[in-house]
Amino acid sequence: MTALSVDGAVQRSEFRLDLALSVDPGEIVAVLGPNGAGKTTLLRAIAGLSPLSAGSITITGEPVDDVPNRVFIAPEQRRVGVVFQNYRLFPHLSVRDNVAFGLRSRGVARASARADADRWLHRLDIDELADRRPRQLSGGQAQRVALARALAGAPKLLLLDEPLAALDARTRDAIRAELSRHLSEFTGGTVLVTHDPLDAMTMADRIVVVENGTITQHGTPAEVARRPATHYVARLVGLNLYHGQADGAGVVHLDDGGTFVGAGADTSAAGLVPAGRVLVAVRPSSITVHSARPEQASPRNVWPVTVDGLESVADRVRVHAAGAPPALVDVTAGAVAELGLAQGARVWLSAKATDVEIYPDVAR
Amino acid sequence: MLGVPAVLGAALLVVPLIALLVRAPWRGLPRILSDNEGLTALRLSVECATISTALCFLLGVPLAWVLARTQLPGLSLLRALVTVPLVLPPVVGGLALLLALSRFGVVGQYLQRWFGLGRFPFDTAGVVVAETFVALPFLVLTVEGALRAADAELEEAAITLGASRLGVFTRVTLPLVAPSLAAGGVLCWARALGEFGATITFAGSYPGITQTMPLAIYNAFESDPPAATALSLVLLAVAVVVLAALRGRWLYAGSTA
């Protein structure tokens, strides 16, 4: 039985979210997308805070929102744990009573609800916060309390809306690892909404990319990172992405101009990419810069470009190169000096065929 | 340029109060205040104001919730009507209450016929009704504003945790607006305590039954001016205490969280 199955739409004046998604018990699915893609709308529909306008949602086999059959289970009856962005802890209650709130709502006596809350606080290693008020908590502590509160009701499903977005960068890294551990212990399905690819890559079993209210890609984190289906994902995972037409003879003619020869996994027996629409992904660090046209034959993809700009990225320099096709190239600071890279410099780029990932463009 | 009118304004507000203190019959104060009539009026005032405030909570909080959180048709008209007693001269309010609730009133004739309640306007209950009429808008407006500002996101969080509609209201919404409830309650009580016009018109001025402090002061003013001053001093003291309470931290604690 699936923990969650969504196949429906939410219509909101100009915006329409329309997608199908399923989550298995114990599975963590990240919904990754830019702001305004409809990620939060999806969570609200699952939680019952925004009803569907078409289609249905099923939680552990039970329809909770079924528009054709006029079924709508109220949010307070769905047993879905939600960790909201900014956590939404009750300011007038202690941490213990925040965590006990769900059990109290379901009629559990105060003493035993509090005892259960204390067990959750212990499990999340925040026993000492029990008597504090939410305004006395740091961001990381509030995040853990929000998680404890969501889990304490023994929900069938756990929904997290940007759980780390409110934290500063350093806390985020520490909390991410910890959150990942707690999520993997949860036996129900988990939907994690985020705009941060690192959250999705590190915590999720599967990634669903949502853009403009529809799913543009889904797959394991490794698949999404290696073979982005859209420019949005490519930018997130730091790859050059090109649309093109494979000619069936091993050459891809790019829409932006230029050609690529590559080694795709979906090649025919002859080692060639089948004819059709394809995507080409090239890692910026796999591209080499040359001051003149390289003579040796080994890299088969060679093209001239003009340097359009340089920026520092950690210990490397990212070169923005204009040409056919344009590309982002990562080089060392030494290479910048050696090759005399500056705005307007005319140089050559090369990429080995084995570093060029070619795969069918399913979105087209 | 602005200094002169500012001083005049302040003087207008402060000088009468000073005069009250200066001319108060301090020496005769214990005698006047221990006098039965004064004590009776004070007790009646406090009792009626307290009962009115309780009624205001009972009726006003749900009314404020309806105004703040529902989208019923005609809601803006209702909101306007609720504020009318705030600007209406209390005497007019008392007369309106009389026309509605007296033995021959629009509603009162049925209260008399069905329940035999025709006499209540000239009883202590009439004082409570008159005071509730003038005080209710203070509570409704204060609480409505707070309910509007209260975080609907927290209520959503409570819903996802399984709280019923009533549970969300009593366990999240009300605690969040508690400071405003307190402020509204204090305003209400102070307004009810000082109520004069509506009370004397609707409930009359019967010592021990409907004669509250303001009415007693007015009454004494004609027969025994020093007694009127002494009773006024008591109400002034109450006003100062209320003001101190309104300024106190407890009204704001929690509202910034």
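Figures for the structure shown
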| read-out | value |
| --- | --- |
| Answer from A:Leu49, A:Leu43 - the residue that is within 14 Å of another protein chain (Cβ to nearest Cβ) and in a loop (DSSP other than H, G, I, E, B) | A:Leu49 |
| Residues within the stretch B:49-103 that are among the aromatic types (Phe, Trp, Tyr) and over 18 Å from B:Val129 (Cα atoms), tallied | 1 |
| From the options B:Ala163, B:Ala178, B:Ala198, residue that is in contact (Cβ under 8 Å) with a residue 40 or more places away in the chain and at the interface with chain A (Cβ under 10 Å from one of its Cβ atoms) | B:Ala178 |
| Unique match (being in contact with a strand residue (DSSP E or B) (Cβ under 6 Å, 6 or more places away or on another chain) and away from chain B (no Cβ under 14 Å)) among A:Gly61, A:Gly55 | A:Gly55 |
| Residue count, the stretch B:120-141 (criterion: touching a residue at least 12 places away in the same chain (Cβ under 8 Å), assigned to a helix (DSSP H, G or I) and either of a type in the set (A, V, I, L, M, F, W, C) or surrounded by fewer than 23 Cβ atoms within 10 Å (Cβ to Cβ) (or both)) | 15 |
| Among residues of the stretch B:29-58, those that are farther than 17 Å from B:Asn219 by Cα, surrounded by 14 or more Cβ atoms within 10 Å (Cβ to Cβ) and of a type in the set (Gly, Ala, Ser), counted | 3 |
| Residue ID - surrounded by the most Cβ atoms within 10 Å (Cβ to Cβ), chosen from residues in the stretch B:70-106 that are among the polar types (S, T, N, Q) and touching a helix residue (DSSP H, G or I) at 6+ places or on another chain (Cβ under 6 Å) | B:Ser102 |
| Lone unmet requirement of (1) surrounded by fewer than 16 Cβ atoms within 10 Å (Cβ to Cβ); (2) over 29 Å from the mean Cα position of the chain (by Cα); (3) within 30 Å of A:Arg176 (Cα to Cα) for A:Ala109 | (3) |
| Some residue of the stretch B:219-228 being of a type in the set (S, T, N, Q), more than 14 Å from every other protein chain (Cβ to nearest Cβ) and assigned to a helix (DSSP H, G or I) | yes |
| Any chance B:Ala190 is away from chain A (no Cβ under 14 Å) and either assigned to a helix (DSSP H, G or I) or buried (at least 22 other Cβ atoms within 10 Å of the Cβ) (or both) | yes |
| Residue match in the stretch A:79-86 (condition: without any contact (Cβ under 8 Å) to a residue 60 or more places away in the chain and buried (at least 20 other Cβ atoms within 10 Å of the Cβ)) | no |
| Selection count where residues are outside any loop (DSSP other than H, G, I, E, B) and among the hydroxyl-bearing types (Ser, Thr, Tyr), scope the stretch A:279-335 | 5 |
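Every residue, every condition in (1) among the aliphatic types (A, V, I, L, M); (2) more than 25 Å from A:Thr60 (Cβ to Cβ), yes or no:
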site	(1), (2)
A:Arg172	no, yes
A:Ile175	yes, yes
A:Thr187	no, no
A:Thr194	no, no
A:Pro197	no, yes
A:Ile207	yes, no
A:Glu211	no, yes
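Throughout, read-outs are computed from the coordinates displayed, never taken from laboratory work. The structure presented is a predicted model; accordingly, all values stated were derived computationally and were not measured. Note: ideal-geometry Cβ built from the backbone for every residue, glycine included; neighbour counts use all protein chains shown.
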